[in-house]
Structure formats: C-alpha cells, structure tokens
Amino acid sequence: MISFRNIILMIAFHLVLASPICPAEHDTDNADLLTQARDQFYESLEDESKIDDAIYFFEELAKTESLEGKALTYIGALYAIRGKHVFSPFAKMKWVNKGLSIMDKGLQSSPEDIEALFIHGSTCYYLPFFFNRKHQAKEHFQTIIQLLPTHYSSYEPRLILNMIEFLESKINLTTEETVQITEIKKELRGD
C-alpha cells in the first residue's frame, strides 16, 4: 500500500518539476517567490521542519490577489502534511480538517486554476475513506480534463504531461476524453 508520504511526494514531484506560466507569474518577484514556495513545499514532504517555511512563502504569495487561491490550496495541503507527523489521532484529525478547510477556501478563490485543482484533488484522493473526499477528488479531476483544452497552453508542458499521466492512471476516461488528451499530449511532446 502506498504511504501518505509517498503520495504527497508524487504530487509534489509532478508540480515542482514544472511551473505553470500564469499572468501573475510574469512578475519576476512573484515568479521567484512561487518557485521558492514550491521548493519549500517539496522539501517539507521530506523534512517536517520545512513546513513552516513553506507556509510562510505561500502566505506571502496569498497577498497577491491572482495567486491567493493557488497559495491557499498549497497552505491547506501543508497543514494536512503537518497532521501526518503528529502522534495523537485527535491532533491528526484536527490538522487535516484545518488543511481541508483552507484548501476548500483556496479552490473557491481559483476554481479554474488547474494546479490548485490538482493539489486539492490529489490530496483528497489519497485521504482515508472516513474523510469522505474521494468523490470531490474525482470531480476535480473531471474539471481538469474539461479545462485542459482551453487552459493547457498557459502552463509548462511538463506539468500538464505529468498531470495527464496521473489522471489517466486514476480515472476512467471516455473515448472522447482519451482522444482529446492524446491530442494535447502529442502537441506538448511535439509529435
């Protein structure tokens, strides 16, 4: 069985390797801060002591209106990761629930941000059944598939390719969705 740590590492691997190019990220300061924040997020998966630093970076990004939703989604994921490290089951539940609440708020702010949808959806997908979030994850994955044709060009190709690979392995795609995704993959790979 895959551990929560490995799951979050997979999510981070997919996202840290590629940075989406959004209008707000053309601002060099925001782009640099977002890169640092993602790096801290990735490091926090390996080292619990890095969680506070990652939260700090994403809190700074959340001050930029166009990045607020994405930043809050990451912050929520970081609180859920913090819950993984505590011993008490009550404390675990508290941290994960706090993280979910923050992620929900972030996604409400940026409902069409593919990266936020992916962070939220992936986190929900791997939560234990008693959090009752698997259905929400699948909804996010479906939304990503719907948004890809019109949004994928705003993101780094590697991010989209990694996201597609993840989605293909986790949800049942219709024939139409498979054709659509195959075309996007061909274009991004330069086939």
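Each value in this text was obtained by applying a stated rule to the coordinates, not by laboratory testing. Quick caveat, the model's predicted, so the values are computed rather than measured. Every residue, glycine as well, gets a Cβ built from its backbone with ideal geometry; the counts of neighbours run over all protein chains shown.
The table below gives the values:
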item	result
Number of Lys pairs (Cα under 16 Å; 8 or more positions apart or on different chains) in region 4-189	8
Positive dipole terminus of region 4-189, leading residue within Phe131, Ile181, Pro149 (C-beta point charges)	Phe131
Estimated vicinal HN-Hα couplings, Hz - region 154-171 in sequence order (Karplus 6.51, -1.76, 1.60; Gly, Pro = x)	8, 10, 4, x, 5, 4, 5, 4, 5, 5, 4, 4, 4, 5, 4, 8, 10, 10
Under the Debye formula (equal points on every Cα, no solvent term), log10 I(q)/I(0) of region 4-189 at q = 0.16 Å⁻¹	-0.95
